[in-house]
Amino acid sequence: MTSAHSILLCLGLCLCKGTRTQEADGLPKPSLRAENGSLVPQGGAVTLRCRASWEAEEWWLEKDKASGWENVKSVRQAGHEGKFLFPSVTSSDAGPYRCLYRNSSSGLSKISDSLKLVVTGLSPPPSLAALPSSKPAPGQNVTLRCWSEGWYGWCVLHKDGEEISRCRTRSHERGYQADFFFPAVNLTHDGTYRCYGFHSSSPYEWSSPSAPLVLRVSDAAALDYTVGNLVRLILAGLVLVLLGVLLIKHWKSSTGQPIQGVLG
């Protein structure tokens, strides 16, 4: 066998091996996202979008149920994205989802990472308060307290629409509460906060959100600068008044008129 034949044979074996590996691994996995966010109020509409780098002809949406992952929606739609519409969500729609697609020439894709769809408004809202104040000074410790008269096993804290923390509740004299502690706050803590409650048995079924709480950390440096400017303006005004009085005295003394009469 010539060296040229050996090289061609080697290349052929390598190509075949690469093709079988790709077939075994499947097409690249798509991404799954919820249009306008994965937090949806009960009765609201949401569209889940499954997007792929390869063009596909059919898309599947699976949901994690008690018996395991089950196909809940499918759509025949050519292109790089499949859309799954939920026109009015209920508690039964809450939970983890994942998607995959099919290409007629290459078969099925890998499965996307899961997306957790949370349905809110399924129970009364908790209350949210800032202790000791919602307008703390920089460096001050602040606790955001989420509490409810009804029982919730967990509370979730959101800032500007994004989850930042969750905490188990504990009982207190008015019901149940969870404390979110922020040591030495600064300007990055500014924002609008809300909290939700849920039960451990239904982690994707949340309460209505609390009323918004706006946290504003005062800028001490800016405050000092403003006060300093105010003091300087007052001093400058006093100096101008004094100069004016001295100029009037000098002018009247040079003209020989009584100063007291001029000054009123």
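Since every read-out is calculated from the coordinates, none of them should be taken as a lab result. Since the model is a prediction, treat every value here as computed from it, not as a measurement. A quick note on method: Cβ atoms are made from the backbone with ideal geometry, for glycine too, and the neighbour counts reach across all protein chains shown.
When 120, 47 are sorted by how many other C-beta atoms sit within 10 angstrom of their C-beta, beginning with the fewest, the order is 47, 120. Name the lysines eligible as straight-distance cross-link partners of residue 135: C-alpha to C-alpha under 25 Å, and not fewer than 8 places from it in the same chain. Here the lysines satisfying the reach criterion relative to residue 135 are 159. Along region 79-87 the Karplus relation, 6.51 cos²θ - 1.76 cosθ + 1.60 evaluated at θ = phi - 60°, assigns HN-Hα couplings of x, 9, 8, x, 10, 10, 9, 10, x Hz to successive residues, with x for each Gly and Pro.
Counting 0.36 nm for each residue step from residue 140 to residue 75 and taking away their Cα separation leaves a gain of 18.0 nm. Inter-label distance, residue 249 to residue 47: 8.1 nm, where each label sits 7 Å from its Cα along the C-beta direction. A crude spin-label estimate for the pair residue 218 and residue 65, with each label 7 Å from Cα along the Cβ direction, gives 5.8 nm.
May I ask for the net charge around residue 193, where only other residues with Cβ less than 15 Å from the Cβ of residue 193 are counted and Lys, Arg are +1 while Asp, Glu are -1? Overall, the nearby charge balance is +1.
Full extension of the chain between residue 240 and residue 57 yields a length gain of 57.7 nm, computed as 0.36 nm times the residue separation minus the alpha carbon distance. Phi angles of region 155-166 translate, via the Karplus equation with coefficients 6.51, -1.76, 1.60 and θ = phi - 60°, into HN-Hα couplings of 10, 10, 9, 10, 10, 6, x, 10, 5, 10, 6, 9 Hz per residue; Gly and Pro are given as x. Diffusion of region 127-215 by Stokes-Einstein, at 20 °C in a medium of 1.002 mPa s and with Rh set to the Kirkwood radius over alpha-carbon pairs, works out to 163 µm²/s.
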